[in-house]
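Asks: Take this structure, written in structure tokens, and hold onto it; I'll ask about it next.
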Amino acid sequence: RRRALRSARCTLVVKLGGSAVTDKTCFETVRVAALRETACALSRSPLLAGTVLVHGAGSFGHFHAREHGVSRGTAHSAFSWRGFALTRSSVTRLNGIVLTALLEQGIAACGLPPFPRWVLCGGALTDTDAPLGEVRSLLSRGVVPVLHGDAVFDEARGAAILSG
């Protein structure tokens, strides 16, 4: 027998700032104890079933994004698609670390990277129906969606940073 889907209602958005879970002064350095404590606290939350977690990039992503002008778009002299890819690779690595911490605490969590789901136009979000549908789908199944800051396409600038 199929179990009825739970409500897709988000009851809590938890924002983990990049500096809360990483040391922004050191390239790709996680604050392991802080991340573990946060995951533990979330696992005890009575609102967990309706939680969406969003985390920043901290020391993951920011170094590459700054060096390669990703937030300034493709017309910027420092911009490179390699830098865009390095930024994405770095933030994806952090997302894996965050997911692992949540899973170790027994939380059913799934990453939903913003790229390529979310697209900006001049820094503003464009159509959000499809990505939000994926968030609702996970919530309806009792899974915690985990989103993060990321390098994304921007219809006006070519590329941009979507903050977590």
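The values are calculated or read from the model by the stated rules, or taken from the named source; none is laboratory data. These figures come from a predicted structure and were not determined experimentally. All Cβ positions, even for glycine, are placed from backbone atoms using ideal geometry, and neighbour counts span all protein chains on display. Side chains included, ligands, DNA and RNA excluded: accessible areas come from the protein's heavy atoms. Shrake-Rupley method; radii C 1.70, N 1.55, O 1.52, S 1.80 Å.
Asks: I want to check the label-to-label distance for Glu104 and Asp129. Put each point 7 Å from Cα in the C-beta direction and report it in nm to one decimal.
Replies: The modelled label-to-label distance comes out at 4.1 nm.
Asks: At 0.36 nm per residue, minus the direct Cα-Cα distance, what do Arg141 and Ser19 gain on full extension? Give it in nm, one decimal, please.
Replies: 40.9 nm
Asks: Name the most mobile residue of Gly58, Gly73, Gly122, meaning the one with the largest mean-square fluctuation, in a Gaussian network model of the chain with Cα contacts below 10 Å.
Replies: Most flexible of the set in this elastic network: Gly122.
Asks: From largest to smallest, what semi-axes in whole angstrom does the chain give when each is the square root of 5 times an eigenvalue of its alpha carbon gyration tensor?
Replies: Taking √(5λ) for each eigenvalue gives 29, 20, 10 Å, largest first.
Asks: Could you do me a favour and compute the accessible area per residue for the stretch 95-164, 1.4 Å probe, result in Å²?
Replies: 43
Asks: How would you classify the stretch 34-97 from its alpha-carbon gyration tensor, with a ≥ b ≥ c the square roots of the eigenvalues: rounded for a/c under 1.5, else prolate if a/b is greater than b/c, otherwise oblate?
Replies: Prolate.
Asks: Taking 0.36 nm per residue of separation and subtracting the Cα-Cα distance, what length does fully extending Cys26 through Arg66 add?
Replies: Length gained between Cys26 and Arg66: 13.0 nm.
Asks: Comparing His64, His55, His76, which has the greatest mean-square fluctuation in the GNM of the chain with Cα pairs linked when under 10 Å apart?
Replies: Among His64, His55, His76, the largest mean-square fluctuation in the Gaussian network model of the chain belongs to His76.
Asks: May I ask you to give the percent of accessible area on the chain that is carbon plus sulfur, with a probe radius of 1.4 Å?
Replies: 56
Asks: Then there's this: Once both axes come from the Cα atoms, what is the angle between helix 129-140 and the longest principal axis of the chain, in degrees from 0 to 90, rounded to 10?
Replies: So the inclination is approximately 30 degrees.
Asks: Moving to a separate point now. Could you tally the net charge around Cys26, taking each other residue with its Cβ under 15 Å from the Cβ of Cys26, Lys/Arg +1 and Asp/Glu -1?
Replies: Around Cys26, the charge tally is +2.
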